[in-house]
Amino acid sequence: MSRIEIEGLMRRFGRVTAVDAVDLDVPDGDFLVLLGPSGCGKSTLLRMIAGLTPPSAGRILLDGADITATPPRERNLAMVFQSYALYPHLTVARNIGFPLRARRRPRTEIDSRVETVTRVLGLADLLDRRPKELSGGQRQRVALARALVRDPGVCLLDEPLSNLDATLRTATRAELTELHTRLGATFVHVTHDQVEAMTMATRIAVLNGGRLEQVGTPAQVYDEPASTFVAGFLGSPAMGLLPARVESVDGVLHARADGVDVPLGLPAADLTREVVLGVRAEHLSLGGTGAARLQGVVRLVENLGSEEVAHCLVGEARIPVRAPRPIGIAVGDAVTLTADPARAHLFDPTSGRRLVWQPTPVSV
Ligand code: ATP
């Protein structure tokens, strides 16, 4: 059992508020990814859970017990950093066994735990090597093994994959996911890489300027982003966002702007309201005969291998559309895009929060 509850957690460094009133519940066995741009407070939040940075305010509970003031050694947590921080003069086996030797565990227990964790992580053939004789990926696995050898209830990971090349990162990502399933421990993983977050997390917590923007499954944050920030951060390319006005036309609500008319299929209400209209690249098609139209000019075409993404200027907004290669349009072409109205997103232009209609719009 390892549930982490975070209540009103705050950390200031002088005038900078790195983490601002964060409430977060991480259930036992969760793989929570803290995601956000550089400087949003991810590492500070993780370090507070680890006990390495004291909070300015708020509480951290582990399985119901307040650990806010508990020293790091006495929390049943393991932490893996971006830098592997292995002891260069020790072999892989001795590096991995180090936390148990430091706790003066019996020799037989150390041997048996090191054997189990190295087997799980595929390190059994490397036990006699020293860190300098390993690849980056192997070193990162040794660092993971050293963290996991104590069988901690919670494993905290701070960008552990960021030093690996793209191929190794993909492979290690899959290994970590498998390891999490096998161990059943609670993982809290920090990254600014949205692909890592989408592929590994059971839940993603998106941070922006020290505040939590949204917590949800990868599908929830991608399909129903709670704000323009989340919509713009998750997804490659990011969701196209443009200022529009919702108005009732013959009893049907439309989102309209210059060269844009998207019937929304929402309960009609006699209102006019400014919004931000959001559409993902995969929910737009080129040409088409649907009623939901956006007129634009192609500014850039990117070749992604199997697909191409055309970035189109609609008014002053950059709206990406993706299609199988060849996409058949070139820079400078005037294009009509058809949107899937059921997949259109609406946000409040001032707060940036998602709007839901019931039947009048409310922010979530
Ligand atoms: P990155 O992805 O770049 O590592 P992050 O999201 O992990 O960023 P943090 O390292 O938590 O962000 O930093 C959050 C904010 O707090 C930043 O503005 C940072 O400059 C500031 N900060 C972090 N640690 C300290 C410190 N020890 N002293 C002063 N300011 C700090």
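The values are calculated or read from the model by the stated rules, or taken from the named source; none is laboratory data. Because the structure is predicted, anything quoted here is derived from the model rather than measured. Cβ coordinates were reconstructed from backbone atoms using ideal geometry, including for glycine residues, and neighbour counts include every protein chain displayed. All accessible areas refer to the heavy atoms of the entire protein, side chains included, with ligands and DNA or RNA removed. Shrake-Rupley method; radii C 1.70, N 1.55, O 1.52, S 1.80 Å.
Using the eigenvalues of the Cα gyration tensor, what equivalent ellipsoid semi-axes result for the chain when each is taken as the square root of five times the eigenvalue, whole Å, largest first?
Taking √(5λ) for each eigenvalue gives 46, 25, 15 Å, largest first.
Arrange the peptides 335-346, 115-126, 26-37 so that the one whose residues have, on average, the most other Cβ atoms within 10 Å appears first.
By packing density, highest mean first, the sequence is 26-37, 335-346, 115-126.
Per residue, how much accessible surface does segment 240-363 expose to a 1.4 Å probe? Answer in Å², no decimals.
Heavy-atom accessible area per residue stands at 48 Å².
Give, in nm to one decimal, the length gained when the segment between THR170 and VAL16 is fully stretched (0.36 nm per residue of separation minus the Cα-Cα distance).
Length gained, THR170 through VAL16: 52.0 nm.
For PHE187, PHE13, what's the largest-to-smallest order of accessible area, 1.4 Å probe?
PHE13, PHE187
So what is the accessible area of segment 97-228 per residue, in Å², with the probe set to 1.4 Å?
So segment 97-228 comes to 45 Å² accessible per residue, rounded to a whole number.
Hey, how many Å between the Cα centroid of segment 1-66 and the Cα centroid of segment 243-292?
Here the two parts' Cα centres lie 39 Å apart.
With r defined as the distance between the Cβ atoms of THR108 and ALA85 and R0 fixed at 35 Å, what FRET efficiency is calculated, to the nearest 0.05?
For THR108 and ALA85, the calculated efficiency is 0.80.
What's the center-to-center distance, using Cα atoms, between segment 102-137 and segment 176-238 in Å?
Rounded to whole Å, the Cα centres lie 31 Å apart.
How far apart, in nm, are the 7 Å Cα→Cβ label points at THR336 and THR116?
In this crude spin-label approximation the distance works out to 6.6 nm.
Could you tell me what percent of the accessible area of segment 147-297 is made up of carbon and sulfur, with a 1.4 Å probe and every protein chain present?
The value for segment 147-297 is 50 percent carbon and sulfur by accessible area.
Quick check: with the 1.4 Å probe, what order do VAL314, VAL297 take by accessible area, largest first?
Largest accessible area first, the list is VAL297, VAL314.
What are the ³J(HN,Hα) couplings of segment 299-314, residue after residue, when phi is run through the Karplus curve with 6.51, -1.76, 1.60 and θ = phi - 60°? Round to Hz, x for glycine and proline.
So the Karplus estimates, Gly and Pro as x, are 10, 7, 10, 10, 8, 9, x, 7, 10, 10, 10, 9, 8, 10, 8, 10 Hz.
If you plug each phi of segment 183-193 into the Karplus form 6.51 cos²θ - 1.76 cosθ + 1.60 with θ = phi - 60°, what whole-Hz ³J(HN,Hα) values come out, in order, with x for Gly and Pro?
Once θ is set to phi - 60°, the couplings for segment 183-193 become 7, x, 7, 8, 10, 10, 10, 9, 7, 10, 9 Hz.
How large is the helix-only mean residue ellipticity at 222 nm for the chain, computed as the sum of -39500 (n - 2.57) over DSSP H runs with n ≥ 4, divided by its residue count, in deg cm²/dmol to the nearest 500?
After summing the helix terms and dividing by the residues of the chain, the value is -7000 deg cm²/dmol.
Please list HIS283, HIS189 from largest to smallest accessible area, probe radius 1.4 Å, with all protein chains kept in place.
Ranked from most to least accessible, the order is HIS283, HIS189.
Could you report the accessible area of MET200 in Å², rounded to 10, computed with a 1.4 Å probe on the protein chains as they sit in the structure?
10
Quick one: which residues, 5 or more positions from LEU123 or on another chain, have an amide H under 5 Å from its amide H? H modelled 1.01 Å from N in the peptide plane, none for Pro or chain starts.
none
Mind checking the angle between helix 107-120 and the chain's longest principal axis? C-alpha axes, 0 to 90 degrees, to the nearest 10.
30
With r as the distance between the Cβ atoms of SER236 and LEU271 and R0 = 35 Å, compute the FRET efficiency 1/(1 + (r/R0)^6) and round to 0.05.
Result of the calculation: an efficiency of 0.50.
How much length would be gained if the chain were fully extended between ARG299 and THR199, taking 0.36 nm per residue of separation minus their Cα-Cα distance, in nm to one decimal? Intermediate values should be presented prior to the final figure.
Values: separation 100, 0.36 × 100 = 36.00 nm, distance 3.06 nm.
Computed gain between ARG299 and THR199 is 32.9 nm.
Calculate the tail of P(r) for segment 5-117: the fraction of all Cα-Cα distances greater than 16 Å, expressed in %. If you can, show how the numbers build up before the last one.
On the way: 4278 of 6328 pairs.
Taking all Cα-Cα pairs of segment 5-117, the fraction more than 16 Å apart is 68 percent.
Quick one: dipole size for the chain, taken about the Cα centre, charges +1 on Lys/Arg Cβ and -1 on Asp/Glu Cβ, in debye to the nearest 20.
So the magnitude is around 1680 debye.
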